[in-house]
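Okay, structure first, notes after.
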Amino acid sequence: MVAKPITASDTMRLNRFIASSGICSRRKADDLITQGKVKVNGKLIKELGVQIKPYQDQVTVGGNTVSLREKQIYIVLNKPKDYITTVSDEKDRKTVMDLVKTQERIYPVGRLDRNTTGVLLLTNDGELTARLTHPRFQIPRMYHVVLNKALRKEDAIKIAAGGVEIGPGAVTSPLELDLSKREPKDAILTLHEGKYHEVRLLFEVFGYEVDKLDRIMFAGVTHQGMRRGESRSMLQREVRALKRSVGLE
């Protein structure tokens, strides 16, 4: 664990307790409290800021008992192709959970397309996940893109400028685009938000097909030195940096 362990005599805010159970963020926990869905020791709580003793008080959310996770898990996976970024799949396809071995219940932070490879974070930290995937935190995502043909400079300028409509109501924001001098079909793209299929759709607008798409960095975390399909526990300094980037430390 990165944080100081909580002892039996400690108290903590109710919304933090709910978020630490892994079911949602603190903001969502506040909503659940004000909506009258949270009870402490059988008493309905609708006020924010209530303190509880996490190892003594019983908390229920929507009638279900929730408990504090003593150990929060933070994993980085170098995702290979042909794996679905979900916890389970109704069509019985391979998911990223098949590649990660842990007894704790964890889930992916955001999504990568089935044919997209690279950095994928998995955790049971609900609040961190909510912030890393929220557009207002402008989390950087860096991709190595290989196109079916050389990228024209004039198209690269338009792509980087943003304002490209990639679907109904979906318009891209400005981004960073670095072209390879040795490989004219290659580019490094850095986004600060993640719309559905954004990279592939963006290049399609300009008449390109994406042959390969690899996320080489997410929120400062890379897959450097990792084989495709390999996973590892994140270093404490990496977890701290993630939390600082979204205002949790």
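The values are calculated or read from the model by the stated rules, or taken from the named source; none is laboratory data. On a predicted model such as this, the values are computed, not experimentally measured, just so you know. Positions of Cβ are generated from backbone atoms using ideal geometry, with glycine treated the same way; all protein chains shown enter the neighbour counts.
What about T102, is it polar (S, T, N, Q) and under 23 Å from R227 (Cα atoms)?
yes
Do the conditions hold for V164, that is, is it over 17 Å from P108 (Cα atoms) and surrounded by 15 or more Cβ atoms within 10 Å (Cβ to Cβ)?
yes
Consider the stretch 70-124. How many of its residues are closer than 27 Å to F17 by Cα and touching a His at 6+ places or on another chain (Cβ under 8 Å)?
Result for the stretch 70-124: 1.
Which one of these is hydrophobic (A, V, I, L, M, F, W, C), surrounded by 12 or more Cβ atoms within 10 Å (Cβ to Cβ) and under 30 Å from S20 (Cβ atoms): L132, L147, L179?
None of the other options fit; the residue is L132.
Restricting to the stretch 189-233, give me the number of residues that are aliphatic (A, V, I, L, M) and more than 18 Å from I159 (Cα to Cα).
5
Scan the stretch 144-185 residue by residue and report those that are assigned to a strand (DSSP E or B), under 16 Å from F206 (Cα atoms) and without any contact (Cβ under 8 Å) to a residue 24 or more places away in the chain.
V171, L177
Applying the selection to the stretch 30-44, what residues are of a type in the set (A, V, I, L, M) and free of Cβ contacts under 8 Å to residues at least 24 places away in the same chain?
I33, L44
Check K91, K71, K153 and return the single one that is in contact with a strand residue (DSSP E or B) (Cβ under 8 Å, 6 or more places away or on another chain), modelled with pLDDT under 95 and over 21 Å from Q224 (Cα atoms).
K153 is the lone residue from the list that is in contact with a strand residue (DSSP E or B) (Cβ under 8 Å, 6 or more places away or on another chain), modelled with pLDDT under 95 and over 21 Å from Q224 (Cα atoms).
Restrict the check to the stretch 45-63 and report whether at least one residue is assigned to a strand (DSSP E or B), in the same structural domain as G229 (by TED's automatic domain parsing), without any contact (Cβ under 8 Å) to a residue 40 or more places away in the chain and within 27 Å of the chain's Cα centre (by Cα).
No: the stretch 45-63 contains no residue that is assigned to a strand (DSSP E or B), in the same structural domain as G229 (by TED's automatic domain parsing), without any contact (Cβ under 8 Å) to a residue 40 or more places away in the chain and within 27 Å of the chain's Cα centre (by Cα).
What do you reckon, is E183 at pLDDT below 95, over 26 Å from H134 (Cβ atoms) and outside the structural domain of V109 (by TED's automatic domain parsing)?
yes
Quick one: how many residues across the stretch 207-233 are farther than 10 Å from G118 by Cα and in a strand (DSSP E or B)?
7
Quick check on the stretch 112-122. Is at least one of its residues surrounded by 15 or more Cβ atoms within 10 Å (Cβ to Cβ), in contact with a Ser or Thr (Cβ under 6 Å, 6 or more places away or on another chain) and closer than 27 Å to K28 by Cα?
Yes.
Give the stretch 234-244 a look and list any residue that's touching a Leu at 6+ places or on another chain (Cβ under 8 Å) and either among the small types (G, A, S) or in a loop (DSSP other than H, G, I, E, B) (or both), or say none.
Correct list: M234 only.
Specify which of the listed residues (K185, K195) is under 23 Å from R114 (Cα atoms), more than 24 Å from the chain's Cα centre (by Cα), surrounded by fewer than 17 Cβ atoms within 10 Å (Cβ to Cβ) and not aliphatic (A, V, I, L, M).
K185
Could you tell me which residue of the stretch 127-145 is farthest from A187 (Cα to Cα), considering only residues that are out of contact with any strand residue (DSSP E or B) (no Cβ under 9 Å at 6 or more places or on another chain) and not hydroxyl-bearing (S, T, Y)?
Step by step, filter the stretch 127-145, then rank; the result is E127.
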